[in-house]
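Here the structure comes first, spelled out in structure tokens, and everything after it is commentary.
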Amino acid sequence: MITSLGFSQEIALLKYNGGGDWYANPTSLPNLIKFANQTIKTNIKPKPATVEPGSPDIFGYPFVHMTGHGNVVFSDVEIVNLRNYLLSGGFLHVDDNYGMDQYIRREIKRIFPNQDLIEIPANHAIFQKPNVFASGLPKIHEHDNKRPQAFGIFVENRLVLLYTFECDLGDGWEDPEVHNDPKDVREKALKMGANILNYIFNN
């Protein structure tokens, strides 16, 4: 089971192998944590941890975030550990920072070989509380002029893995000067991030 970390929750960034820049968007999670603590009254430690997919430490984090632009490779041991983590109450958010798609889809299929990623409908709770996104996942950054999509893996009706594609939520969480996004775009990204955390802590 996922364990509590005392009076305050802690979330983590996934440090993976394969060559992709897992460390991209260094200001995104601290900004999301600050926003969520202020607006939806979470009690998350200000600085996220870093965890590797094969580490037993991953079971201490109710939310693990993963991002990057390139290749992702999990070892067989890491695949088993990630699967056990997700089946025991953990949650993995994969945010494609552009260029990760073909690699992460392959690795997700290794974690859940008998399940397919399915698109999450706009009426799902993750888009409804506490902020309403009537059209589903918001668009933060433009790449290929494609619509943003949220895909998921569900276990017994519980969303355990969220894959956000053609969206770049993490870019929207970064410090304003990093991408020079308008305030309303950053706010949309942060509100969507708060919805994800709200879903994890209340479902």
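Derivation of every value follows stated rules applied to the coordinates shown; laboratory data play no part. No experiment lies behind these values; they were computed from the predicted model shown. Ideal geometry is used to build each Cβ from the backbone, glycine not excepted, and the neighbour counts take in all protein chains shown.
Counting alpha carbon pairs within less than 8 Å and at least 6 residues apart, what relative contact order, in whole percent, applies to the chain?
Once normalised by length, the contact order is 23 percent.
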- Within region 69-203: Cβ-based charge dipole about Cα centre, in debye rounded to nearest 20 (Lys, Arg +1; Asp, Glu -1): 520
- Item | Nearby lysines by direct alpha-carbon distance to K41 (threshold 22 angstrom, same-chain neighbours under 8 apart not counted) | K129, K183, K188, K191
- Item | Antiparallel DSSP beta bridges within region 12-202, as percent of all bridges there, nearest 5 | 40
- Express in whole angstrom the spacing between the alpha-carbon centres of region 164-203 and region 53-107. 19
- Task: Calculate for the chain the 222 nm mean residue ellipticity that helices alone would give, adding -39,500 (n - 2.57) per DSSP H run of length 4 or more and normalising by residue count, nearest 500 deg cm²/dmol.
- Result: -9500 deg cm²/dmol
- Label N84 and V178 with points 7 Å out from Cα along Cα→Cβ: what is the distance between them in nm? 3.2
- Express in nm, to one decimal, how much length is gained between S75 and K41 on full extension, taking 0.36 nm for each residue of separation and deducting their alpha carbon distance. 8.5 nm
- Query: Which whole-number percent of Cα pairs in the chain have a distance greater than 27 Å?
  - Reply: 22
